[in-house]
1. Calculate how steeply helix 78-90 sits against the longest principal axis of the alpha-carbon atoms of the chain, using the helix alpha-carbon long axis, and give the answer as 0 to 90 degrees to the nearest 10.
2. For helix 305-317, what angle does its Cα long axis make with the longest principal axis of the chain, in degrees from 0 to 90 and rounded to 10?
3. What is the sum of charges, Lys and Arg at +1 and Asp and Glu at -1, for the other residues whose Cβ falls under 12 Å from the Cβ of LYS236?
4. Is the C-alpha gyration tensor of region 290-354 telling us rounded, prolate or oblate? Criteria: a/c under 1.5 is rounded; beyond that, a/b larger than b/c is prolate, otherwise oblate.
5. Would you kindly state how much longer the chain becomes between HIS110 and SER156 on full extension, computed as 0.36 nm times their sequence separation minus their alpha carbon distance, in nm to one decimal?
6. Anything over 31 Å Cα to Cα? Flag those among LYS175/LYS236; LYS297/LYS367; LYS120/LYS272, in the order listed.
7. Of the residues ALA170, ALA43, ALA311, which exhibits the maximal mean-square fluctuation in a Gaussian network model of the chain defined by a 10 Å Cα contact cut-off?
8. With +1 assigned to the C-beta of every Lys and Arg and -1 to the C-beta of every Asp and Glu, and no other charges, what is the dipole magnitude of region 150-303 about the Cα centre in debye, to the nearest 20?
Amino acid sequence: MTKRFSTRKKTILAITATLAFTGIFFITYSILQNRENPDMTAAFIEEHMRNDNGTLATYLKPAPSEHPDIVAGREALSESLGLWMQYAILSGDQAKFDESVQLLTTYFLHQNKETYIRWKLRPDGRSDVTTNALGDDLRILDALLKASRLWDNNESYLPLAKRIGSTLQASSQTKGYLVDYHDFERNESPAVLSLVYADISALREMEQIGILSSQDYARYQDLLFHMPNDGVFYPKTFQIGSGQYEYDTSVNLIDQLIVGIHLAEMNHPPRKLIPFLKEEFQQNGQLVGRYHRETRKPDAAYESPAVYALAIILALKTDDLPWAQQLYDRMTQFRGQDPAYPGGYVFDGNTHAFDNLFPLLAEAMLKNTAR
């Protein structure tokens, strides 16, 4: 009896070990497949981040909105729409782009006296806001103007871009500078331009088509070209009234990277920021989301896929393919960690749209560079 029980116990243990090994194998295989197949991120977004009306949710998990100025749950942002439009251009997918334009005109675009883009929508497509967001507007404008050249079979992109651009020029300026936002109900604007919003690629496109004058475009070039730095980091804002640049004490690396990309697109790469990032990555094997400006030490513990994606884009803009590949290898370690969401950058059952959309853009750019 003891011998039979012992034999049976060994058999059960062997089967259990085999099943455990098989489970580990399939989970590991799934993670590796997710890392090696960037198209799965687009599939994750399509399957899990779409609201019923087609708009892209900001978060995977639903959550109630507690304040109209703060995004929550499945609310949709013009930021996400613009990034998705840029991805459609990079991947050469006109059908995907046209679907985005349809979402833009159906839900985001306010067309009454002025044609402006609402920066946030409820999950059902309704909106409680009467403000735009300059950075998102310029990203969408950039996409529309590039699409008008790429797909000249559609004549609607350019007129739409011109209407949006005309509203920005007429309503969202202070002393010759576009500002962070305009409240169209109150007819109020702040006298501040966040430097992350000085999208030189979009502004160049606007200048080439005549939406922006050459003098205005040169003003933004000068703004970035003469922007100070503290030895590594760039300021956060330009105060239009005083003409002063202002720094944050805690530096958001996403902001720094986007500003660095703007500079690289002017053939004026961020020569102090890049060595700092490379040294951080080499010494610590990671880039965190925030750094203390004075000490240069991490001011947060989290890593963000969006940070790595933007660093990849900056590396590609400065023709540093080896560094881009190193960053890509680190970024994709975070993809597909949750087996319930293959291809997604999901942590603790939740994710933010830009932590998937920026990696998607970086992957598309890396793929196009390798061709």
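1. Rounded to the nearest ten degrees, it is 80.
2. Compared with the principal axis, the helix lies near 60 degrees.
3. Values: positive: ARG293; negative: ASP180, ASP230, GLU246, ASP248, ASP255.
Surrounding charge for LYS236 is -4.
4. oblate
5. On the way: separation 46, 0.36 × 46 = 16.56 nm, distance 1.70 nm.
Length gained between HIS110 and SER156: 14.9 nm.
6. LYS297/LYS367; LYS120/LYS272, as the Cα separations exceed 31 Å there.
7. Of ALA170, ALA43, ALA311, the Gaussian network model singles out ALA170 as fluctuating most.
8. Dipole about the Cα centre, nearest 20: 300 debye.
The values are calculated or read from the model by the stated rules, or taken from the named source; none is laboratory data. Because the structure is a prediction, the values reported are computed rather than measured. Cβ atoms come from the backbone with ideal geometry, glycine included; neighbour counts cover every protein chain shown. These accessible areas exclude ligands, DNA and RNA; they are computed on the full protein's heavy atoms, side chains included. Shrake-Rupley method; radii C 1.70, N 1.55, O 1.52, S 1.80 Å.
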